[in-house]
Structures are given as C-alpha cells and as structure tokens.
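The values are calculated or read from the model by the stated rules, or taken from the named source; none is laboratory data. It should be emphasised that the depicted structure is a prediction, and the values quoted were computed from it without experimental measurement. When we count neighbours, we look across all protein chains shown, and the Cβ atoms used for this are built from the backbone with ideal geometry, even at glycine. These accessible areas exclude ligands, DNA and RNA; they are computed on the full protein's heavy atoms, side chains included. Shrake-Rupley method; radii C 1.70, N 1.55, O 1.52, S 1.80 Å.
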Amino acid sequence: MIDQKELETRFTYHAPKGNQPPRYEDIRAQGRDFANALVLQCPDSRELSLALTKIEEAIFWANAAIARRE
C-alpha cells in the first residue's frame with residue numbers, strides 16, 4: 001500500500017538543487033539525440049510517434065527520479 005509519505009513525494013513540487021539542473025539537461029540532450037536518430041532512420045508513422053513518446057516518458061521519469069529521490 002502506498003503511504004502518505006510516498007504520496008507527498010509524488011505530488012509535491014521539488015525545486016532543483018545542487019547539480020541537478022545540468023543533469024536534467026544532459027538527460028534531455030541524450031534523449032533529443034536519440035529522437036533525432038529515430039526521425040532520420042524511421043518512416044513517419046504511428047510507430048515512430050510512439051517511439052518518440054516513449055523517449056519523452058523516459059526523460060520525464062529519469063528526471064523525476066532525480067528530483068524526487070535525492
């Protein structure tokens with residue numbers, strides 16, 4: 001069961017601190033590079049769109065891990 005502390009962690013704003021901002025940008029840049037590679041290699045399609053969405057989701061969750069758990 002999810003406790004109150006976990007709910008607070010998930011639904012509270014976490015201001016960037018320390019070395020987090022450049023790490024967020026590095027993760028976004030790597031995701032952008034991968035997305036660019038897919039756009040160059042794959043035909044415009046639903047599948048490409050889904051792949052790009054999954055990259056966005058991965059970036060979001062990676063940055064959330066840094067923000068929420070540090």
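Listed by first and then second residue, the pairs linking a residue in region 55-68 that is open to solvent by 80 Å² or more (accessible area, probe 1.4 Å) to a residue that is among the aliphatic types (A, V, I, L, M) and modelled with pLDDT of 95 or more, with Cβ atoms under 9 Å apart and 6 or more places separating them unless they lie on different chains, are Glu56/Ala35. Each residue in region 39-70 was checked for being more than 15 Å from the chain's Cα centre (by Cα) and under 19 Å from Asp26 (Cβ atoms), and 1 of them qualify.
Every residue, every condition in (1) surrounded by 10 or more Cβ atoms within 10 Å (Cβ to Cβ); (2) of a type in the set (Val, Ile, Thr); (3) free of Cβ contacts under 8 Å to residues at least 60 places away in the same chain, yes or no:
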{"site": "Ile2", "(1), (2), (3)": "no, yes, yes"}
{"site": "Lys5", "(1), (2), (3)": "no, no, yes"}
{"site": "Glu47", "(1), (2), (3)": "yes, no, yes"}
{"site": "Thr53", "(1), (2), (3)": "yes, yes, yes"}
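Mind listing whichever residues of region 43-70 are hydroxyl-bearing (Ser, Thr, Tyr) and assigned to a helix (DSSP H, G or I)? Result: Ser49, Thr53. For region 7-42, taking the residues that are in a helix (DSSP H, G or I) and basic (Lys, Arg), the one that is surrounded by the fewest Cβ atoms within 10 Å (Cβ to Cβ) is identified as Arg10.
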